[in-house]
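Worksheet for the structure shown next.
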Amino acid sequence: MRIIIIFLVCNLSFLIKNIASAVTVKWFTENFYPFNYFENGKLDGFSVEIVNEMLRLMNSKDSIEVIPFPRLINIIDKQPNTAGFSVYQTDENKDNYQWVGPLAKGTVGFFKRSDSKVSIKSLDDAKKKVIIGVQLGSSHEKFLNKNGFKNLYRVAQSQNVIGNSLIHMLISGRFDLWMATDVSVYARAEKQNIPSEKIIMAYKIRTNQLYIAFSKQTDPKIVKKYRKYFFKVKNSPFYQDLFLRYSKYHIKKP
């Protein structure tokens, strides 16, 4: 009888393991240059390369869909077997997801034109006499809303990276400050032939790390499997080469 029970337990364990292996995860990301973006009909970027390498090592047929960030968050908030990247882990969201990473880190702050006379020494300063540009539905907008900012100029993120409107609105003086991440600001400036010295950080808010965020409803065994392959990628020559290739964008190692 004991032998039969052991046999059944072993087979059940094997079955559960294989079911977990067979589960397809739906992957989502947003247009967030240079981490994830479309160019010439191809999905590319620093984080995209990491995820694709993970999936390649796993012989996975998972696919990646690019959608607006608010929709991405809505999906991974509610649906099992879903993952979103590149998502900043913050005090506000750290308990909402199962995290794999970090992929990289960036400094979030208020940016201004280098010829601007705006001076910011605190968050309270930024609530007075200035207009702040921010991407609609982004984690930056959520932060500003939570901290009582009313002086916001919200802009929907264009799906066309090259025609990103926020950086051009800052340069043209549509608003005084832009809340963004340093890596993204200078990468977009380079991509759109805007001299990097034309934009400077007026005030540093925080440094956050980018992760893959799995929904809470996803089986932890599945997340553990992807985490294992993430660290295989991170500890490989591929990861070191990736940082070298993206070094011009000032992407920082976590």
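Quick rundown of the values:
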| read-out | value |
| --- | --- |
| Cα gyration tensor category, rounded, prolate or oblate, for segment 102-218 with a/c compared to 1.5 | oblate |
| Rounded to the nearest 20 debye, dipole of segment 106-207 from Cβ charges on Lys, Arg, Asp, Glu | 320 |
| Three-way shape call for segment 28-113 based on the alpha-carbon gyration tensor, with the a/c threshold at 1.5 | oblate |
| DSSP-assigned coil residues among trypsin sites (Lys or Arg not before Pro) in segment 48-153, each with at most 16 further Cβ atoms within 10 Å | K61, K94, K117, K121, K128, K129, K150 |
| Within the chain: Cβ-based charge dipole about Cα centre, in debye rounded to nearest 20 (Lys, Arg +1; Asp, Glu -1) | 460 |
| Qualifying lysines (Cα of each under 17 Å from Cα of K191; at least 8 residues distant if same chain) | K42, K248 |
| C-alpha center-to-center spacing [segment 45-106, segment 237-254] in angstrom | 19 |
| Distance histogram for the chain (every C-alpha pair counted, 10 angstrom bins, percent rounded to whole numbers) | 7, 29, 32, 19, 8, 3, 2, 1, 0 |
| Calculated Rg and Dmax of segment 45-167 using C-alpha coordinates, Å | 17.2, 54 |
| Note, ³J(HN,Hα) from phi for segment 165-182, Karplus 6.51, -1.76, 1.60, rounded to Hz, x at Gly and Pro | 8, 4, 5, 6, 5, 5, 4, 7, x, 5, 9, 8, 10, 10, 7, 7, 9, 4 |
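Bear in mind that the values in this text are calculations on the coordinates, not laboratory data. Keep in mind the model is a prediction, meaning the values are calculated, not measured. Quick reminder, even Gly has a Cβ in these numbers, built from the backbone with ideal geometry, and neighbours come from all protein chains shown.
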